[in-house]
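A.B. asks: Here it is, the structure in full.
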Amino acid sequence: IMKIKFILAFTLFLLFKSGVICQVSTLNSELVSHISFGQNSSDVWGYKKDNINYAIIGNATKTSIFSLEDPSLPILRYEANGAQSVWRDIKSYKDHLYVTTDQGSDGLVIIDMTNAPEIISHTNFKPLISLGTEVTELQRCHNLYIDEKGFVYLAGCNIGKRGVLIFDLNIDPLIPEFKGAADLTYSHDAFTRGDTLYASEINIGKLSIYDVTNKALPVLIGTQSTSRSFTHNAWPSDDGKFVFTTDEKKGGYIDAYDITDLPNFKLLDKFRPLERENDGVIPHNTHYYDGYLVTSWYTDGVRIVDAHKPDNLIEVAYYDTWEDPSACHTGFFGCWGAFPFTGSNLIYASDINNGLFVIEVDYKRACYVEGIVKDTDGLAIPNAKIHILSNHLNSEISSPAGEFKTGLAYDGNFIVEVSHPDFVTQNIAVELIRGEVTYINPVLLRKRTFDVHFELLSTDDEPIKADILLSNPSFSYEMQTDDTGILNQQLFSSDYELFVNSWGYENIYMPHFVIGEGAENAFSARISRAYADNFETQLGWQVNSTQGMSGGWVRSIPKQTEYLTKIANPGVDSDDPGNFAYVTGNGIRGAGCDDVDNGISVLVSPPMDLSEFSSPKLNYDVWFFNAGGSTPVNDTLVVKLTNGQTEVIVDKIFATTQVWKKVRNIDVESFISTTDSLRLLVEVSDVNQGHLVEAGFDNFFVTETISSIKEDVHTSNTVHVYPNPADNQIIVELEDKKFIKPLKFRILNILGVIVSYGTFDFHTVHINTTPLTSGLYLLDIEGRSPVKFIKQ
């Protein structure tokens, strides 16, 4: 069964600077030193000579070697310049470093460290290789590994089928001797120990294991498709009983396999960060180190997983080397490699965008919780949720046999919550001890079901076909009454929130609707005709977006994104009942990842018959964010009404709200003739790309008369000015949105002298106050009462 686990604790440092580290998240780790470069970086490796540790990192045009006499102050000792390349991979053997480059024609770069750190030099090894009937010069390879016997394995070279080429370093480390090849298919990565080659054959999505006792005739002894069919790298445990792989795909996993019975592989567990579940982050390289997996994860840093129990992988530490709040967290940015074999608790990490990191890790053992979930008849319960109640994200689902394995990075006393929609939730107290398994075997009591009757009529005694949603934190029911307005349903006993929605009628919400012994187990109501939607169910709103654009309207539970220190995509819906709203895109990490781009997205309501309404008033909550780019922001959210023949603008918002703004009592009849097929359009766009654009729409309703709501409403000639006091600008909003010509405004100082003037084309305007000196001012808008504000 798929297992997804994550333990979270973090420290945030807001250090925004475009292209470098902006926010650092850590768990059981801390930064020792950091070196940035004027170019991108790739892989990293470590080397030790004469009690001096070295960190070697691949850059776009060179290989850089740093000595770490003091790990907090790395010293640049040498740069081996070479071809421009995205990929450089480094390994070491005795007094030499070996570097492959996957672009250009550097061949195998050999760096002589015999007299380091004072004298370091490099050469390019480019032999002619005879493979099959062809003789080809070695020009580039993707990856390499050097085993304990002094054989170097070059993967993904420009020779043959781009499999694995084998060379002997023992005779002359500067002139390796070609011995043979495992060249059945392209190999992206290679690892060898004890005459066993682990080849990650990414294009066919398989890990292949070869016996290379005879280097001239490697023998395939087992192959396995990995979980996302894009096998990037593999690293076995020290005893060779297990192997761990990564798939370089969005949402990819670390896979753990038992290989004690080759050619049979047994998948034991899979890991990916739980809190990144919807971000599509990509794993890159994993290494097995003293019972732990040290893995570089693009856009997510270095993650350390306790793999002492390969069937129960638990994350115990991490350090995030890359955090750009404006960028998408699903791409090939951030952490490329992580080298843990330093002989200490230090890890060397390479970040594509941010350079070299030296990180100290506290390698703590995980705590484990395992067992079997059964019912009172002794039958296994699959799909039960096991959650250790703590501040650290974790989640596990029981297998078809009821089995589960989970854990935490923290020890101590906790409550384990075991839940299933069909059973009564059970809480079990446990003491978690590092490196030990706590066994629990929950027995769940099946919930009783009750016959529940729903009947919905209009105030005119007409049956209503309506959506009914019953929801609580554990699960929910979505149902619908029939054409007679009736629904009879067997439902589990519980306390629910009740939502009743039908287009053309008022919404009904009850925070507590109890089903169970002694409860009424029925609901009936007469519902007034109206138009309202809290978006907890789908009542027929449509989305029309430009083909190929991103970030269009979606109905969802909002997930927050941030740009600098401001919220871009809202993190919650408005304060109407429920959790859903319409938002643009939804919460993939990085404000610029799923915002509105390259087009227009229009949210369209179902038709409304307002022909018999007496003075209908339009109400809704709206969110808008517009920022970023190298030019002034110029994007808008536009609200329109159309009756099929005429389309009019009733509201236009181009100021960032930072809150759900309540728009109340727009007089429909002052804009358009009411008909039996009126529709509302909510349009958001970023046609001229370059700015961040996010929007939200919620809590829609139409009233017959002026609302009695005393919140921040837009119904009179009142003028709102904020912030007040102001710094560089003021935002001015007019509650009366309908004016047939531009309105003149002027700003007067305390002496009555006009210091600024202009016009209003729409009801929300930004006015630059930078030129004004500190003091009290009067904003005078044509036909409105003057408003005072202070310039700081």
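A.B. asks: Let me know the Rg and Dmax you get for segment 411-475 when you use only its Cα atoms, in Å.
C.D. replies: 20.8, 68
A.B. asks: Another question about this same structure. What is the magnitude of the charge dipole of the chain about its Cα centre, with +1 placed on the Cβ of each Lys and Arg, -1 on the Cβ of each Asp and Glu, and no other charges, expressed in debye to the nearest 20?
C.D. replies: Here the chain has a charge dipole of around 1500 debye.
A.B. asks: Each residue of segment 558-571 in order: what ³J(HN,Hα) in whole Hz does its phi give by Karplus 6.51 cos²θ - 1.76 cosθ + 1.60, θ = phi - 60°, with x for Gly and Pro?
C.D. replies: With coefficients 6.51, -1.76 and 1.60, one gets x, 10, 5, 10, 9, 10, 6, 9, 9, 7, 8, 7, x, x Hz.
A.B. asks: If you don't mind, there's one more thing I want to ask. What percentages, rounded to whole numbers, describe P(r) for segment 40-120 computed over all alpha carbon pairs with 10 Å bin width beginning at zero?
C.D. replies: The distribution over segment 40-120 is 20, 55, 24, 2, given as percents.
A.B. asks: Estimate the FRET efficiency between Arg434 and Glu177 by the formula 1/(1 + (r/R0)^6), using the beta-carbon distance for r and 56 Å for R0, to the nearest 0.05.
C.D. replies: Efficiency, rounded to the nearest 0.05: 0.70.
A.B. asks: For segment 513-617, what class follows from the C-alpha gyration tensor (a ≥ b ≥ c being the square roots of its eigenvalues): rounded when a/c is under 1.5, otherwise prolate if a/b is larger than b/c, else oblate?
C.D. replies: Verdict is oblate for segment 513-617.
A.B. asks: Okay, next question. Assuming R0 = 45 Å, what is the FRET efficiency of Thr61 and Thr133, from their Cβ-Cβ distance, to the nearest 0.05?
C.D. replies: After rounding, the FRET efficiency stands at 0.80.
A.B. asks: With unit charges on the beta carbons (Lys and Arg positive, Asp and Glu negative) and the dipole taken about the Cα centre of the chain, which residue among Tyr777, Asn569, Ile600 sits farthest to the positive side?
C.D. replies: Among Tyr777, Asn569, Ile600, the one farthest towards the positive end of the dipole of the chain is Tyr777.
A.B. asks: Moving on. If the chain between Ala519 and Leu262 were fully stretched, how many nm would it gain, using 0.36 nm times the residue separation less the Cα-Cα distance?
C.D. replies: 86.5 nm
A.B. asks: Once label points are set 7 Å from the Cα along Cα→Cβ at both Ile557 and Lys161, what is their separation, rounded to one decimal in nm?
C.D. replies: According to this spin-label approximation, the distance is 4.8 nm.
A.B. asks: Given the Cα-Cα distance of Thr631 and Ile221 and 0.36 nm per residue of separation, how much length would full extension add, in nm?
C.D. replies: Here the segment from Thr631 to Ile221 would lengthen by 141.6 nm.
A.B. asks: Starting from the Kirkwood radius over alpha-carbon pairs of segment 171-250, derive D by Stokes-Einstein at 4 °C in a medium of 1.567 mPa s and give it in µm² s⁻¹.
C.D. replies: Reported coefficient: 98 µm²/s.
A.B. asks: Please state the charge dipole magnitude for segment 368-416, taken about the Cα centre, from unit charges on C-beta atoms (+1 on K and R, -1 on D and E), reported in debye and rounded to the nearest 20.
C.D. replies: For this selection, approximately 100 debye.
A.B. asks: In addition: Which whole-number value in Å³ per residue fits the convex hull of the alpha carbons of segment 630-688?
C.D. replies: Enclosed volume per residue, from the Cα hull, is 104 Å³.
A.B. asks: Taking 0.36 nm per residue of sequence separation and subtracting the Cα-Cα distance, how much length would be gained by fully extending the chain between Phe341 and Leu776, in nm to one decimal?
C.D. replies: Gain on extension, Phe341 to Leu776, equals 150.1 nm.
A.B. asks: From the convex hull of the Cα coordinates of segment 573-621, what is the mean projected area in square nanometres?
C.D. replies: Result: a mean projected hull area of 5.6 nm².
A.B. asks: Here's a follow-up. For the cross-link pairs Lys179/Lys241; Lys566/Lys788; Lys94/Lys364; Lys91/Lys149, which exceed 23 Å when the distance is taken from alpha carbon to alpha carbon?
C.D. replies: Lys179/Lys241; Lys566/Lys788; Lys94/Lys364
A.B. asks: Using 7 Å Cα-to-Cβ label points, what is the Val424/Phe450 separation (nm, one decimal)?
C.D. replies: Taking the simple label geometry, Val424 and Phe450 are separated by 1.5 nm.
A.B. asks: Putting +1 on Lys and Arg Cβ atoms and -1 on Asp and Glu Cβ atoms, find which of Ile433, Val212, Gln103 reaches farthest to the positive end of the dipole of the chain.
C.D. replies: Selected residue: Gln103.
A.B. asks: Compute and list, largest first, the equivalent-ellipsoid semi-axes of segment 234-375 from the alpha carbon gyration tensor, each √(5λ) rounded to a whole angstrom.
C.D. replies: They are 25, 18, 15 Å, listed largest first.
A.B. asks: Once you have all Cα-Cα distances for segment 660-699, histogram them in 10 Å bins from zero and send the whole-percent values.
C.D. replies: Bin by bin from 0 Å, the calculated values are 19, 39, 31, 12, 0.
A.B. asks: I want to make sure I understand the PRE zone here: with the label point 7 angstrom from the Cα of Val572 toward its beta carbon, which residues in segment 647-670 have backbone N atoms less than 19 Å away?
C.D. replies: Once the point is set 7 Å along Cα→Cβ of Val572, 657-663 turn out to lie under 19 Å by backbone N, inside segment 647-670.
A.B. asks: Tell me, what HN-Hα J-couplings in whole Hz come from the Karplus equation 6.51 cos²θ - 1.76 cosθ + 1.60 at θ = phi - 60° for each residue of segment 614-621, using x for Gly and Pro?
C.D. replies: 8, 6, x, 10, 9, 9, 6, 10
A.B. asks: A further question on this structure: Hey, if you put +1 on the Cβ of every Lys and Arg and -1 on every Asp and Glu Cβ in the chain, which of Ser670, Pro273, Leu165 ends up farthest toward the positive end of that dipole?
C.D. replies: Leu165
A.B. asks: Compute, for segment 192-284, the length of the dipole vector about the Cα centre, with Cβ point charges of +1 (Lys, Arg) and -1 (Asp, Glu) only. Units Debye, rounded to 20.
C.D. replies: So the dipole magnitude of segment 192-284 works out to roughly 220 debye.
A.B. asks: Pairwise over distinct Cα atoms, reciprocal of the mean inverse distance: report the Kirkwood radius of the chain in Å, one decimal place.
C.D. replies: It works out to 30.6 Å.
All of the numbers you see were taken from the coordinates with simple rules; none came from a lab. Predicted model, so just to flag it, every value in this text is computed and none were measured. All Cβ positions, even for glycine, are placed from backbone atoms using ideal geometry, and neighbour counts span all protein chains on display.
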